[in-house]
Amino acid sequence: MKKIILIFLSCAVLIIGGLLGNAYLKKETVELSYPAFLEAIDERQVVKVVLQENKNTIQVTLKESPEVVHLVPNPHTEDFTEFLLLNGITVDYGQDSGIVTFGKLVLVIVIVGGMVWFIRKGNSSSNLIINANKKKKKEDLITLSRVAGNAEAKSMVLDVIEFIKNPEKYSSVGARMPRGLLFYGPPGTGKTLMAKAIAGEANVPFYAMSGSDFVQMYVGVGASRVRSLFQKAKKNERAVIFIDEIDAIGKKRARSVSASNDERDQTLNALLTEMSGFHDNSGIIVIGATNRLDTLDEALLRPGRFDRQIEIGLPDINARKHILSLYASKKPLSDDVDLDALAKSTVYFSGAMLENLLNEAAIITANEKQSIIRKEHIDKAFYTVIAGAPKMDRSYITNKDRKITAYHEAGHALATTLLLPDHYISKVTIIPSVRGAGGFNLSIPKDTMFQSRTQLLANIQVLLAGRIAEELIFGPEEITTGASNDIQKASSYIVDYINKFGMDPDMGLFNIEVLEEGLDTKLIERCRSLMNELYTRTKALLKSNLQSLENITSELLERESLTGEDIECICSANKSNR
Ligand code: ADP
Ligand code: ZN
């Protein structure tokens, strides 16, 4: 190993010597920070970049001072060259002097030799790691401005970025910064993006792996992968280590002891050991991401570990608008596309789905050999994104099925307008999807901190209204399996209503889950009877608004999808007719 280090050192000397002798000492050099460089690109100031992969700086020529060479940290990104070319910048790969070429040659020989040596040693697991990292290590040009919405989360990482840049600033006043951040929230909401942005803002390397990469069949492999990952990162002094799906390693330990958890425990222990092994002033931050916080082992959440937990949630309407305009800005959109309206109708969409929506729309546009994305393209893409590709051949769907779906969805929609007037109905549709859903209702709840008892019950009633509409129109013998999801949701709501929120007067304020068994026949009985009560009540409600139900259904059958305004129009027309 010593030999190799020696050879490396002499190579470095050769290369540096070669470079010093080379052209660029002749010119005046000035250092330029990476953000300033990006700004210069924005301002179209950058004329030329000399880019040599093995160097830590790139040489930049600016329009206003062509005689000066600006040295900017090399981001070593895969798409960097393309990025420069797209911005109309001349890219030069540098003229190697003879010495440099010689140095490179030696370097190649050494690297190849080193690899052979590594393989010879037969340490196959660390080989794997190196490959995994090579593939995944990616310092992108991503900054916080590329992350839309999530204002709270952003504000919670600002000091972490500052800490990575300048750890001494914090350690000198005795501040202990979090070693780890934990991002939690639904998939596609930008957790990975945010982690990359932190690395980008701090201008440090980004190492990413997924928890599932660690947990392997053989005991000990995961742990050794964790150690290798940290070893690599530590060489940089400052870095962001990102572990996606951290729940794969850090799941709560099952109560029953089983041998099959050995591997996961060892991996988890290795991770915890590595994290507690940092000095307080080392600028390395570990970021874990998970879709569910509740399943994580508490050991991971203790101080000195992932002790800052940050929620990355689904985007609200403003954030959706922001994300849409972010991605729309790179695409030719027709004037009939209203991003405000689109943001309104994409409730519960994640950032990834919004990005995907515009991308699908662009694909559809291209398939139709058109050059501008129009509203109809986005409408088509909407269904692809939300429910998988729409069924190409709808002819097999019997008229009866279409009718049942229409009444079912109309039932949900009608109950929403009647019981939850504050909700904004975004979309009601009977367009079938390959995933099996007959149709769907999308409505936006009012943004409040608490839900009242009336609202909780109304939510359950809305869920029941689909089945009720079927029963009212086609009779109890003809009800379908289409309500299974609704029933499942309604059931869990009703348990929460009684057990978690203590809102049922008969059952009082006791939460049965604090007892080990957690099974209470009285609770189950009460859930059933309350559900039946709500069913009867909602049935009466729909019955007295039958005309609206009929009208919504026929509109749905004709137009396949309706907006909240459409529904409101239909209902108020019936009201005034009475
Ligand atoms: P997660 O890690 O939470 O599953 P990702 O960060 O992988 O989500 O998001 C996938 C993609 O979706 C991103 O690369 C980006 O294109 C888009 N995206 C998601 N959330 C946002 C956001 N808040 N702002 C901008 N783009 C986003
Ligand atoms: Zn339903």
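Observations on the model:
- Using a Förster distance of 22 Å, the FRET efficiency for Leu456-Ile479 (Cβ separation, nearest 0.05): 0.30
- For the cross-link pairs Lys489/Lys575; Lys321/Lys380; Lys500/Lys543; Lys196/Lys344; Lys165/Lys330; Lys380/Lys400, the ones whose C-alpha atoms lie over 23 Å apart are Lys489/Lys575; Lys500/Lys543; Lys196/Lys344; Lys165/Lys330; Lys380/Lys400.
- Taking each residue as 0.36 nm, the span from Ser554 to Ile524 lengthens on full extension beyond its C-alpha to C-alpha distance by 6.9 nm.
- Taking label points 7 Å from Cα along the Cα-to-Cβ direction, Lys234 and Ala573 give a separation of 7.2 nm.
- Rounded to the nearest 10 Å², the accessible area of Met353 at probe 1.4 Å: 60 Å²
- The Cβ shell under 10 Å around Ala153 holds other residues with a net charge of 0, Lys and Arg each +1, Asp and Glu each -1.
- Taken over the stretch 138-311, the convex hull of the Cα atoms encloses 106 Å³ per residue.
- Placing R0 at 56 angstrom, the Cβ-Cβ distance between Ser171 and Asp335 gives a FRET efficiency of 0.50 after rounding to 0.05.
- The Cα center of the stretch 39-88 and the Cα center of the stretch 491-531 differ in position by 64 Å.
- For Asp307 and Thr77, a Förster radius of 45 Å and the Cβ-Cβ distance give a FRET efficiency of 0.90, rounded to the nearest 0.05.
- The stretch 399-577, accessible area per residue, ligands and nucleic acids excluded (1.4 Å, Å²): 54 Å²
- Modelled spin-label separation between Thr295 and Asp422, with each label point placed 7 Å from Cα along the Cα-to-Cβ direction: 3.3 nm.
- Segment Asn269-Asn56, extension gain: residue separation times 0.36 nm, minus the distance between their alpha carbons: 73.2 nm
- Shape call, the stretch 335-378: gyration tensor on alpha carbons, a/c limit 1.5: oblate
- Positive contributions from Lys and Arg (+1) and negative ones from Asp and Glu (-1), summed over other residues with Cβ under 13 Å from the Cβ of Tyr407, come out at -3.
- Modelled spin labels at Glu31 and Gln45, positioned 7 Å past Cα toward Cβ, are 1.8 nm from each other.
- Between the stretch 191-216 and the stretch 353-381, the Cα center-to-center distance that results, in Å: 31 Å
- Whole-Å distance, taken between Cα centres, linking the stretch 540-578 and the stretch 301-333: 36 Å
The values are calculated or read from the model by the stated rules, or taken from the named source; none is laboratory data. Model, not experiment: these values are computed from the prediction. Cβ: placed from backbone, ideal geometry, glycine included. Neighbour counts: every protein chain shown. These accessible areas exclude ligands, DNA and RNA; they are computed on the full protein's heavy atoms, side chains included. Shrake-Rupley method; radii C 1.70, N 1.55, O 1.52, S 1.80 Å.
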